[in-house]
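Heads up, the thing below is written out as structure tokens.
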Amino acid sequence: MEILYISSSGSADPTRASIPWHLAVNGSIESNQTARLVLLGDAAEAVRVDVRNTVEGVGLPPLRDLVAKAVERAVPVHV
């Protein structure tokens, strides 16, 4: 099964910005499913290193760790 996660939240709401990344890499990929991420609007900020290094949602791993895991697992990200 392939799951498409769509995100439109950026650094202004770090928890909402991190949730799709968390679901993709710690949910779908860990369950042997295929995942893709689509970043719309403010969510496209995640491609900037300086932004993703500062985003930390409540109760979630830091965005920098989630992005690193997505890169490691070759999760396609569409901006």
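On the chain, 52 percent of the accessible area sits on carbon and sulfur atoms, based on a 1.4 Å probe. Residue by residue, segment 59-71 carries 3J(HN,Hα) couplings of x, 10, x, x, 4, 4, 6, 5, 5, 4, 5, 5, 5 Hz when phi is fed to the Karplus relation 6.51 cos²θ - 1.76 cosθ + 1.60 (θ = phi - 60°); x denotes Gly or Pro.
The value for segment 1-42 of Rg(Cα) / (2.2 N^0.38 Å) is 1.15.
Along segment 14-20 the Karplus relation, 6.51 cos²θ - 1.76 cosθ + 1.60 evaluated at θ = phi - 60°, assigns HN-Hα couplings of x, 5, 5, 5, 8, 4, x Hz to successive residues, with x for each Gly and Pro. Normalising the Debye intensity of segment 13-79 to I(0), with uniform scatterers on Cα atoms only, and taking log10 at q = 0.12, 0.21 Å⁻¹ returns -0.25, -0.80.
Per residue, the chain exposes 56 Å² of solvent-accessible protein surface, assessed with a 1.4 angstrom probe and all protein chains in place. Restricting the chain to trypsin sites (Lys or Arg not before Pro) that sit in a DSSP loop and have at most 14 other Cβ atoms within 10 Å of their own Cβ leaves ARG48, ARG73.
The values are calculated or read from the model by the stated rules, or taken from the named source; none is laboratory data. These numbers were taken from a predicted model, which means no experiment stands behind them. Note that we place each Cβ from the backbone using ideal geometry, even for glycine, and neighbour counts take in every protein chain shown. Ligands, DNA and RNA are stripped out before the accessible areas are found, and what is left, the full protein with its side chains, is counted by its heavy atoms. Shrake-Rupley method; radii C 1.70, N 1.55, O 1.52, S 1.80 Å.
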